[in-house]
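Just so it is clear, none of the values below were taken in a lab; they were calculated from the coordinates. These figures come from a predicted structure and were not determined experimentally. A quick note on method: Cβ atoms are made from the backbone with ideal geometry, for glycine too, and the neighbour counts reach across all protein chains shown.
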Amino acid sequence: MKKIKINQKESFSKTITEYDISNFAGITGDFNPLHIDEIAAEKSIFKQRIAHGMLAASFISTVIGMYL
């Protein structure tokens, strides 16, 4: 295993798809309309659907586990 060094940087890019949102909601049980329902989300402060925060945060694990 490689050692992580001070100031070492890495990045990861992914387009979050409908499939990702649906699967994450199914796995976690988080069917909040902000993530699932376009009409309900349009009435929110975001004006559109948004990805689950924990889905986005989980990509930190990808960077650490796969690239660092």
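Quick look at the values:
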quantity: Computed helical MRE - 222 nm, the chain, DSSP H runs ≥ 4 contributing -39500 (n - 2.57), nearest 500; calculated: -11500 deg cm²/dmol
quantity: Unit charges at the beta carbon, dipole of the stretch 1-47: most positive-side option, Ile6, Ile27, Ser44; calculated: Ile6
quantity: Nearest-0.05 FRET efficiency for Ser22 and Ile64, computed from C-beta distance (R0 25 Å); calculated: 0.45
quantity: Loop trypsin sites (Lys or Arg not before Pro), the stretch 22-68, which have at most 11 other Cβ atoms in a 10 Å radius of their Cβ (DSSP); calculated: Lys43, Lys47
quantity: Convex hull volume per residue in cubic angstrom - Cα atoms of the chain; calculated: 107
quantity: HN-Hα J in Hz across the stretch 30-41 - Karplus 6.51, -1.76, 1.60, θ = phi - 60°, x for Gly and Pro; calculated: 8, 9, 3, x, 4, 9, 10, 10, 4, 5, 5, 5
quantity: Charge dipole (debye, nearest 20) of the chain; +1 at Cβ of Lys and Arg, -1 at Cβ of Asp and Glu; calculated: 560
quantity: Those residues of the stretch 2-29 whose amide nitrogen sits under 20 Å from the label point placed on Ala51, 7 Å along Cα→Cβ; calculated: 10-29
quantity: Helix 53-62 axis, angle to the chain major axis (alpha carbon atoms, nearest 10°); calculated: 20
quantity: Most mobile listed residue (Ile21, Ile45, Ile36) in the chain, GNM with C-alpha springs under 10 Å; calculated: Ile45
